[in-house]
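Remarks on the structure that follows.
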Amino acid sequence: MYTPSYFSIDKEKVGIDEKELKRRLSVSGDFDVSVYEKAVNDVLAESTPKACFIKVPVVADGDEITLPFVSFQSRDLAKNLSGCKEVFVFAVTLGHGVERLLSKMSRLSSADFFIYDAVGSALAESVCDIAEDMIKGNIPCKPRFSPGYGDVPLSVQRDVLSALNAEKLLGITLTETNLMVPQKSITAVLGVRR
């Protein structure tokens with residue numbers, strides 16, 4: 001139906017947003033990000049950031065969202081997509097190396113796992129920001145919206161990943177509860193402003 005565009009992201013361009021890391025670590029006040037430097041370096045060393053996307057038509061009629069590959073109810077996304085006729089649908093991942101690292105850390109130390117997991121999530125957001133900029137270029141877009149956010153059902157994840165051929169292109173699969181593996185992966189819809 002639609003052929004996804006695929007690209008890798010240069011690890012040298014991926015940085016950690018201190019505010020995002022602070023939020024994920026539930027740290028209040030100032031903190032020294034250098035304390036987390038080993039975790040950042042380890043996660044970056046194991047990451048293989050990749051992304052894929054498609055641009056498709058969308059109809060947001062009332063609370064009903066219709067994409068060529070799925071229809072579902074979401075008042076929140078319908079509001080976000082107000083006035084949009086097309087969307088970019090995309091996925092990003094840090095890859096299976098980070099998944100293996102997090103699995104190892106979970107067996108070694110729950111405290112270290114918490115830090116590595118937070119770093120992985122912050123880096124995944126950074127990769128998502130870079131991918132979003134690369135995908136939209138100079139096209140004005142609405143803020144991205146992900147399955148599981150607001151009232152967008154997480155079950156939409158299966159259709160999104162299938163339409164993106166994300167298992168083949170990015171190695172992303174889903175558990176029975178619609179959680180992505182590798183876990184440091186993100187899918188999103190980005191409305192194109194008219």
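The values are calculated or read from the model by the stated rules, or taken from the named source; none is laboratory data. Everything numeric here is computed off the predicted structure, so don't read it as measured data. Because the Cβ atoms are built from the backbone with ideal geometry, glycine has one as well, and the counts that use them run over all protein chains shown. Ligands, DNA and RNA are excluded from the accessible area calculation, which covers all protein heavy atoms including side chains. Shrake-Rupley method; radii C 1.70, N 1.55, O 1.52, S 1.80 Å.
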(request) Choose one of Ala91, Val58, Ser106: the residue whose Cα lies farthest towards the positive end of the charge dipole of the range 20-133 (beta-carbon charges +1 Lys, Arg; -1 Asp, Glu; about the Cα centre). (result) Ser106
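Students sometimes get this wrong: rank Lys142, Lys79, Lys13 by accessible area, probe 1.4 Å, all chains present, largest first. Working shown, then result.
Numbers: Lys142 30, Lys79 165, Lys13 145 Å².
Largest to smallest exposure gives the sequence Lys79, Lys13, Lys142.
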(request) Using the structure shown, select from Lys13/Lys184; Lys19/Lys142; Lys11/Lys79; Lys19/Lys168; Lys38/Lys136 the pairs with a Cα to Cα distance greater than 29 angstrom. (result) Lys11/Lys79; Lys19/Lys168; Lys38/Lys136
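How charged is the neighbourhood of Ile16? Take every other residue with its Cβ under 15 Å from the Cβ of Ile16, and add Lys/Arg as +1 and Asp/Glu as -1. It would help to have the intermediate numbers written out before the result.
Details: positive: Lys11, Lys13, Lys19, Lys22, Arg23, Arg24, Lys38, Lys184; negative: Glu12, Asp17, Glu18, Glu20, Asp32, Glu37, Asp42, Glu46, Asp117, Glu125, Asp129.
Summing Lys/Arg as +1 and Asp/Glu as -1 gives -3.
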(request) Any chance you could look up the accessible area of Ile16 with a 1.4 Å probe, heavy atoms only, rounded to 10 Å²? (result) 50
(request) Kindly report the accessible area of the chain per residue (heavy atoms of protein chains, probe 1.4 Å, no ligands, DNA or RNA), in Å². (result) 51
(request) Could you size up the charge dipole of the chain around its Cα centre, putting +1 on the beta carbon of Lys and Arg and -1 on that of Asp and Glu, and report it in debye to the nearest 20? (result) 380
(message) On a 1.4 Å probe surface of the protein chains, which of Asp17, Asp117 comes out largest in accessible area, and what is the full order?
(response) Asp17, Asp117
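With charges set only on the Cβ (+1 for Lys and Arg, -1 for Asp and Glu), what does the dipole of the range 135-194 come to about its Cα centre, in debye to the nearest 20? The partial results should precede the final answer.
Values: 8 positive and 4 negative charges, 87 e Å.
It works out to roughly 420 debye.
Whole number please: convex hull volume per residue of the Cα set in the range 29-130, in Å³?
Measuring per residue, one finds 161 Å³ for the Cα hull of the range 29-130.
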(request) Could you look at the chain and say what percent of its accessible area is carbon and sulfur, using a 1.4 Å probe and all protein chains? (result) 48
(message) What's the magnitude of the charge dipole for the range 1-67 around its Cα centre, counting Lys and Arg as +1 and Asp and Glu as -1 at the beta-carbon? Answer in Debye, nearest 20.
(response) 160
(request) Would you mind putting 69-77, 51-59, 3-11, 88-96 in packing order, based on average other-beta-carbon counts within 10 Å, highest first? (result) 88-96, 51-59, 69-77, 3-11
